[in-house]
Ligand code: NDP
């Protein structure tokens, strides 16, 4: 029987377990807080930000909502980030991407104080991750690592294949899997759009992480019997539904399920974990900034 890895359930258990750390912070008079900064009127970005704020409220993290007119000068965004960097009541800062074209996303990532960079995208935090001394693991790959662990799958010595090499998913995912650390020690291959004979690579994988953003590009024929398949992809495809679309992953679920030992669905797999790990990083940030040694799940 193929195990369907329930991301909603694992995310809920992480949120529940974060209560211990939040209590430890409260005992020291610390209220963890996350500032979300939105410089966009894209409805999807607005939805993402409001979901993150709701998540914060649910676990007892204060959410601070900063909105910048998307037509404003970039300096307005940098000034807002500077203020948040200097505000000791703010533990985590998340700038919702994408920012408008006239703002450099690279500069924005550099502007956030690395100690408050709960996305883990500041170059200092990227460097620490690569060096095996992560401060904040980026939320999506960290969530994938937790899902693999929750499924009882051993990464040590496994052949892992990551499809995708973006800075936010593929690269940090590969870095986590290859680390000499729990949840790592996998022999890790990274594939991308220039990879020759992708199927030959994916069929070697004991653990396959698909993060290409191409709807259902990985089918059962590309999967090793019994593999653990983690589908990061979230793709909108036209469908005869009320909304006119449906969400599918990078993996063709029905055929992949026939081969996999364990597999995540879309939706309900990696997505909820990304959100839970943002809360995790925010609580960790509060502990680091206030010198409270919190027990994290
Ligand atoms: P990017 O577009 O930044 O990166 C996609 C990567 O996949 C690139 O490295 C690209 O290669 C590679 N790729 C594209 N097509 C192919 C192909 N045919 N064969 C092999 N490799 C290919 O995407 P992201 O990393 O930001 O996101 C990936 C997916 O994950 C998207 O569907 C996104 O919506 C989803 N996502 C989901 C999250 C969640 O919480 N579940 C969070 C973040 C993202 P190259 O570098 O050569 O161009």
Most exposed to least, judged by fewest other Cβ atoms within 10 Å, 193, 50 sort to 193, 50
Footprinting exposure proxy for 253, 121 (fewest neighbouring C-beta atoms within 10 Å first):
253, 121
Candidates 246, 225, 124: whichever shows maximal mean-square fluctuation once the chain is modelled as a Gaussian network with Cα springs under 10 Å
246
Please work out the Cα center distance from the stretch 256-297 to the stretch 187-204, rounded to the nearest Å.
26 Å
Return the calculated 222 nm mean residue ellipticity for the chain, to the nearest 500 deg cm²/dmol, obtained by summing -39500 (n - 2.57) across DSSP H runs with n ≥ 4 and dividing by the residue count.
-12500 deg cm²/dmol
Shape call, the stretch 119-196: gyration tensor on alpha carbons, a/c limit 1.5:
oblate
The chain - share of DSSP beta bridges that are antiparallel (%, nearest 5)
10 percent
How much length would be gained if the chain were fully extended between residue 44 and residue 110, taking 0.36 nm per residue of separation minus their Cα-Cα distance, in nm to one decimal?
21.3 nm
Provide the packing ranking of 101-110, 262-271, i.e. peptides ordered by the mean count of other C-beta atoms within 10 Å per residue, highest first.
262-271, 101-110
Kirkwood Rh and Cα-based Rg: tell me the resulting Rg over Rh for the chain, rounded to two decimals.
0.97
Over all directions, the stretch 27-131 yields a Cα convex hull whose mean projected area in nm² is 7.3 nm²
Within a 10 angstrom radius of the beta carbon, how do 275, 165 rank from fewest other beta carbons to most?
165, 275
Between the stretch 121-173 and the stretch 58-78, what is the separation of their alpha carbon centroids in Å?
27 Å
What length, rounded to one decimal in nm, is gained on full extension from residue 2 through to residue 254, with 0.36 nm per residue of separation minus their alpha-carbon distance?
89.6 nm
Under the definition of Cα pairs under 8 Å and six or more residues apart, what whole-number percent is the relative contact order of the chain?
23 percent
Enter the per residue convex hull volume of the stretch 139-272, computed from alpha-carbon coordinates, in Å³ rounded to the nearest integer.
103 Å³
Can you compute the label reach from residue 159? Point 7 Å from Cα along the Cβ direction, backbone N cut-off under 20 Å, restricted to the stretch 258-287.
258-263
In nm, to one decimal, how far is the residue 131 label point from the residue 78 one, both placed 7 Å along Cα→Cβ?
2.6 nm
Gyration tensor (alpha-carbon) shape descriptor, the stretch 44-87, a/c threshold 1.5
oblate
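No lab work stands behind these numbers, since they all come straight from the coordinates. In this text the structure is predicted, and so the values were computed from the model without any measurement. Glycine also receives a Cβ, built like all others from the backbone with ideal geometry; neighbour counts cover every protein chain displayed.
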